[in-house]
Amino acid sequence: MTSLNLNISGLPKSATLAINERSRELRRKGVKIYNFGLGQSPFPVPEPVCQALRENAHQKDYLAVEGLPELRQAVAEYQSRKVGYPYKADQVLVGPGSKELMFLMQLVYYGDLVIPNPSWVSYAPQAQIIGRQVRWLSTRADNNWMLSADTLEEHCRVDPDRPRLVIINYPSNPTGATLDEKQLRDIAEVARKYGVVLLSDEIYGELHHDGKHQSIAQYYPEGTIISHGLSKWCGAGGWRLGTFLFPENHMKLMNGMAVAASETFTSTSTPIQYAAVKAYRENPEIEEYLTKARHILKMLGQSVIASLQSAGVTVPQAEGGFYLFPDFSAFRESLLKKSVKNSKDLAEYILDRTGIACLSGSVFGCPLKVLSLRMAYVDFDGEEALRAYDVFRVSGQSDEDFLRQVCPNVIEGAQRLADEVRSW
């Protein structure tokens, strides 16, 4: 038989999906699993958006590849409110998830991919599939593993005219940290200096725990493409709808992506696009939903951090989304005696010892020797948590009692991990 030659040989399945499948398999075998692996929003899709989907289930026609005009307008108005910059509907491209749009962007734009180390698991593999160079920029634990303007400047200075696509993601997957105004301004200044194409992945923006997300497009509007979608803040990961918003001087790039899209996915699900119009328009019910979700995630993140820190684990403060990035390097000598030499060994060791499923920091590009893990604290019933929150606000119940009631697996898992660390 003729052998098959593949251009993705050696590239594994996405680590986030693989850990979820492994967790399910272990649960089927009766193993108690605390799933801190897959980062899927635990909250239900807001009812007004679900109702809009029900009302538009009959919509069956292909839409324009760029997206439903009403949705493109709604996204432009949404980003105009958030950024404080006037955007138009024809600057918006809709796709079946922001992940697909990122892939098309790397396919169409000819240049290096520049990403901080660590970064979301799919940025680099997409570049490798397409055949682009990946340039990793180092980050530091004392800067919450976030990209600094100085590091970007140092990279760009070496070859100032080289075409490059820089992706920043904040609030961050994998760290839960975000960038403040000064950091955004400083990165924007460097990006402008070198004419960088900047993709700002703001998929977790609405889940900033204090509702204070700022877009770098405020400071670099002419060169920033904003990536957004429904999966995280709207609890609609399986709906697969993402949006890119382009500055006017990057319309050639958008049009190129639309051409590629027309030959691949053709158009995004029609009923989903109609429903998404409701998600992007101002709605008091959705705002109330977000206020509750943010507070629940903030309380839960702080509780998990407190448990781990009490055992001596270093953990950056969570500022948005639902991720933590603990560093166990303080226990390196003890772990070496248990044949744990790197973060992959550590993830396997913890899963075997405690049933806690999380991801090695190395799958996010963090050096293998750094004993880091990515934990997604979403193993709870978000619908139940939202219902219970209304009672919690008026009951005088403590934060910890509320969390133990609605997020028992997360609280128990964090405590179990802390107890395991103490045994080292």
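The values are calculated or read from the model by the stated rules, or taken from the named source; none is laboratory data. Note that this is a predicted model, so its numbers are computed, not measured. Reconstructed Cβ throughout: ideal geometry from the backbone, glycine too, with neighbour counts over all protein chains shown.
Here are a few things to note about the model shown:
- Restricting attention to the stretch 14-46, the residues that are at pLDDT 85 or above, within 23 Å of the chain's Cα centre (by Cα) and assigned to a helix (DSSP H, G or I) total 0.
- Residue within the stretch 166-177 that is out of contact with any strand residue (DSSP E or B) (no Cβ under 9 Å at 6 or more places or on another chain) and either surrounded by fewer than 22 Cβ atoms within 10 Å (Cβ to Cβ) or farther than 20 Å from Gly321 by Cα (or both) present: no
- Screening Glu206 against (1) touching a residue at least 40 places away in the same chain (Cβ under 8 Å); (2) outside any helix (DSSP H, G or I); (3) not aliphatic (A, V, I, L, M) leaves a single unmet condition, (2).
- Scanning the stretch 286-314 for residues that are of a type in the set (Val, Ile, Thr) and closer than 20 Å to Cys407 by Cα turns up Thr291, Ile296, Val304, Ile305.
- Scan of the stretch 328-359 for residues that are hydroxyl-bearing (Ser, Thr, Tyr) and in contact with a strand residue (DSSP E or B) (Cβ under 9 Å, 6 or more places away or on another chain), ordered by number: Ser329, Ser343, Thr354
- When the stretch 224-245 is filtered for residues that are surrounded by fewer than 21 Cβ atoms within 10 Å (Cβ to Cβ) and out of contact with any Ser or Thr (no Cβ under 6 Å at 6 or more places or on another chain), the ones remaining, listed by number, are Gly238, Arg240.
- Candidate set from the stretch 322-344 (those that are among the hydroxyl-bearing types (Ser, Thr, Tyr) and closer than 22 Å to Asn117 by Cβ); member that is surrounded by the fewest Cβ atoms within 10 Å (Cβ to Cβ): Ser329
- Residue check for Gly223: in the same structural domain as Trp145 (by TED's automatic domain parsing), farther than 21 Å from Asp150 by Cα and modelled with pLDDT of 95 or more: no
- Qualifying residues in the stretch 254-266 (those that are in contact (Cβ under 8 Å) with a residue 24 or more places away in the chain and either in a loop (DSSP other than H, G, I, E, B) or outside the structural domain of Val75 (by TED's automatic domain parsing) (or both)) - the one surrounded by the most Cβ atoms within 10 Å (Cβ to Cβ): Phe265
- Within the option set Asp201, Asp186, Asp210, being under 18 Å from Val94 (Cα atoms) and modelled with pLDDT of 95 or more holds for one residue only, Asp201.
- Arg192 vs. criteria in contact with a His (Cβ under 9 Å, 6 or more places away or on another chain), over 25 Å from Gln317 (Cα atoms), assigned by TED's automatic domain parsing to the domain that holds Ser231 and of a type in the set (Lys, Arg): no
- Matching residues, the stretch 365-384, being more than 28 Å from Val406 (Cβ to Cβ) and out of contact with any Ser or Thr (no Cβ under 6 Å at 6 or more places or on another chain): Pro367, Lys369, Val370
- Those helices (runs of 4 or more DSSP H) lying entirely in the stretch 267-372 with at least 3 residues within 27 Å of Phe43 (Cα to Cα) and at pLDDT below 95: 343-354
- All positions within the stretch 367-388 that are in contact with a Lys or Arg (Cβ under 9 Å, 6 or more places away or on another chain) and either β-branched (Val, Ile, Thr) or more than 17 Å from Leu336 (Cβ to Cβ) (or both): Ala385, Leu386
- Looking across the stretch 295-312, the residues that are touching a strand residue (DSSP E or B) at 6+ places or on another chain (Cβ under 7 Å) and in contact (Cβ under 8 Å) with a residue 24 or more places away in the chain come down to Gly301, Val304.
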